[in-house]
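Working notes, structure below.
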Amino acid sequence: MRRRNRIEVFHSASVISRDLLGRGGSRRDKEVMEVGDNHEGSRLGIKADVSLHRCALSNTFLTKICSEMGQQQSGFGGKREDRGGGDADKEKKRKYEAPIPTRIGKRKKKGKGPDAATKLPTVTPHTRCRLKLLKYERIKDYLLMEQEFIRNQERLKPQEERQEEERSKVNDLRGTPMAVGNLEEIIDDQHAIVSTNVGSEHYVNILSFVDKEQLEPGCAVLLNHKTHAVIGVLADETDPMVSVMKLEKAPQETYADVGGLDQQIQEIKESVELPLTHPEYYEEMGIKPPKGVILYGCPGTGKTLLAKAVANQTSATFLRVVGSELIQKYLGDGPKMVRELFRVAEEHAPSIVFIDEIDAVGTKRYDSNSGGEREIQRTMLELLNQLDGFDSRGDVKVLMATNRIDSLDPALIRPGRIDRKIEFPLPDEKTKRRIFQIHTSRMTLANDVDLDEFIAAKDELSGADIKAMCTEAGLLALRERRMRVTMDDFKKSKENVLYRKNEGAPEALYL
């Protein structure tokens, strides 16, 4: 009985397995079922099939086995159920059931927009990109090094150079001043009243970069040429006209350009040049060098030319002024300019002050009711004081020139003020020959030119007349398109020069 019950249970299990295998069981399970049917009643086959089904069947399969076993036990001794009902259940259970999704942890929400990318992708650049990046990094390093170098240079630059650069920048902003005025009154920190050289007064602005501490009533200020605004303060009280009188470049004339005048050259060397270059000679002799020298003579005899040669020969500061420049429009300006002239000469000592045409201010004094004449006399008195005052001038030498020495005041040319008087006469034959050689050395002369005829002539030709005659002869040759100067050109030029000197300019003189 017990064996028969086992066979019936196995038969029921095989039916259920066929039902389940019909839904998609594996081929191996079907083969096992067939083996179970053929060896029905075999204990080994039953055990193998039961163990196999325990491992292969699902929970549903086990549940059905239990239900079948219950029915078989309850219907013990009954017949096997018809398989038709099993097919109906099979058709009924073939309906698809969706699998239950498995969830492990929280489900991640897909983000949108820029938050969707939680991790940047790895970018692998090409070789060219790497080289370009390396190049830019090196350029950046070079620029950083250059910037650091410039900063160090600025930090280590001397303070004087930085101040000079800042001062030059301020001068560029300031512009070129065209007027010099006097500060009459300070209204406030930004406004003042100034007066110009013409005497007019203006209410003007004071620019922000002007040093307010140097501003005081009466000081000289620089004014803008358009708005007359105060753009600077003159550090020293030097008159701009006096600054212009100082020669920045030495003249080109030398003693070799002076024809003749050997005696005059020797005297001026002893009076002016030697005391400046070798003052120890006079100290050993126990004498004082001359303070001033006056050159007098006819016009065109070489007074100014010799003064230029002295300026070229010495390294001293050379101040040149014409006597008429010392005569100013307003009262007191003339004496003030004389004081400024000698003060600048003393600051730049050793120096030479050359006053040409001294007869413009040094004439004899006389009673006059004219204010202009009295101003000229006051200017001359200031000049006398500067020449021989309480203050010793030391290395400042005064050189004067005039062609009317008889009109000068005796107090001006007395010893102690003017210690040496050098006369420049009209040239003699030797001097004329030397002057002709100097002026014709670069001229192309024809073979018929004989200068002895002009040298031996008894006409009163000065050195300037001889120079004018040579220049006129060259112009006459150019008029006729000739490159050589003939004797006729010199004769015609001499006639023109003498006519112009004695009577006036002839007709057809100019080209």
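The values are calculated or read from the model by the stated rules, or taken from the named source; none is laboratory data. Owing to the predicted nature of the structure, the values given are computational and were not obtained by experimental measurement. Note: ideal-geometry Cβ built from the backbone for every residue, glycine included; neighbour counts use all protein chains shown.
Descriptive notes on the structure:
- For the range 407-434, a tally of residues being of a type outside the set (A, V, I, L, M), part of a loop (DSSP other than H, G, I, E, B) and in contact (Cβ under 8 Å) with a residue 24 or more places away in the chain returns 8.
- Phe436 surrounded by 19 or more Cβ atoms within 10 Å (Cβ to Cβ), modelled with pLDDT of 85 or more and more than 52 Å from the chain's Cα centre (by Cα): yes
- Restricting the range 188-226 to residues that are under 27 Å from Leu331 (Cα atoms) and of a type in the set (Val, Ile, Thr), the residue that is surrounded by the fewest Cβ atoms within 10 Å (Cβ to Cβ) is Val198.
- Being within 16 Å of Val272 (Cα to Cα), surrounded by fewer than 16 Cβ atoms within 10 Å (Cβ to Cβ) and assigned by TED's automatic domain parsing to the domain that holds Glu253 holds for only one residue in Ser324, Ser368, Ser315, and it is Ser315.
- Residues (of a type in the set (A, V, I, L, M, F, W, C) and either touching a Cys at 6+ places or on another chain (Cβ under 9 Å) or not in a loop (DSSP other than H, G, I, E, B) (or both)) located in the range 210-230: Ala220, Val221, Leu222, Leu223, Val230
- Wholly within the range 268-357, helices (runs of 4 or more DSSP H) carrying at least 2 residues that are acidic (Asp, Glu), at pLDDT 85 or above and over 21 Å from Gln386 (Cα atoms): 280-285
- Across the range 370-377, not a single residue is classified as closer than 20 Å to Ser271 by Cβ and not in a helix (DSSP H, G or I).
Every residue, every condition in (1) closer than 16 Å to Pro290 by Cα; (2) not hydroxyl-bearing (Ser, Thr, Tyr), yes or no:
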| site | (1), (2) |
| --- | --- |
| Val353 | yes, yes |
| Thr363 | no, no |
| Gln377 | no, yes |
| Met400 | yes, yes |
| Leu408 | no, yes |
| Pro415 | yes, yes |
